[in-house]
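Chemist: After the structure tokens below, expect a handful of questions from me.
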Amino acid sequence: MTTDAARHDIGRQRHEDATSRESRRRLEHEREVRLSQVAAIERTPQYVTDEVMLAQLDTARSALEEVEAALRRMNDGTYGLCDACQAPIPAGRLEILPHARFCVTCQRRRR
């Protein structure tokens, strides 16, 4: 017979699995968007002399690096843990910012 606690654990695990899949989907989508942005800018001949385009390219590359790092954290099992304090990053924060490396408290300290 399955206890209420065991059912709760199973339900929590299914929810975490679904959340993880959704986060991976969002990150992979974000990676594709950023790769497209980088490619579009690099196809524009004047980007090497246009300060605005260079800034956009830098921003897109930076965002792409953050997404790639989040995907690596997913693969190594550390995704969703704050890089500073190792506490779990709330699911709501990861929904909004799937590549978040820090919990809100630690992010505020970094400013």
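The values are calculated or read from the model by the stated rules, or taken from the named source; none is laboratory data. Computed from a predicted model, the values in this text were never measured in an experiment. Cβ atoms come from the backbone with ideal geometry, glycine included; neighbour counts cover every protein chain shown.
Chemist: Out of the range 23-62, which residues are closer than 15 Å to residue 94 by Cα and free of Cβ contacts under 8 Å to residues at least 40 places away in the same chain?
Modeler: 25, 29 - these are the residues of the range 23-62 that are closer than 15 Å to residue 94 by Cα and free of Cβ contacts under 8 Å to residues at least 40 places away in the same chain.
Chemist: Would you check if residue 60 is within 15 Å of the chain's Cα centre (by Cα), at pLDDT 95 or above, of a type outside the set (D, E, K, R) and within 15 Å of residue 19 (Cβ to Cβ)?
Modeler: no
Chemist: Now, a different point. Counting only residues that are more than 29 Å from residue 42 (Cα to Cα), touching a strand residue (DSSP E or B) at 6+ places or on another chain (Cβ under 9 Å) and either assigned to a loop (DSSP other than H, G, I, E, B) or not aliphatic (A, V, I, L, M) (or both), how many does the range 58-111 have?
Modeler: 6
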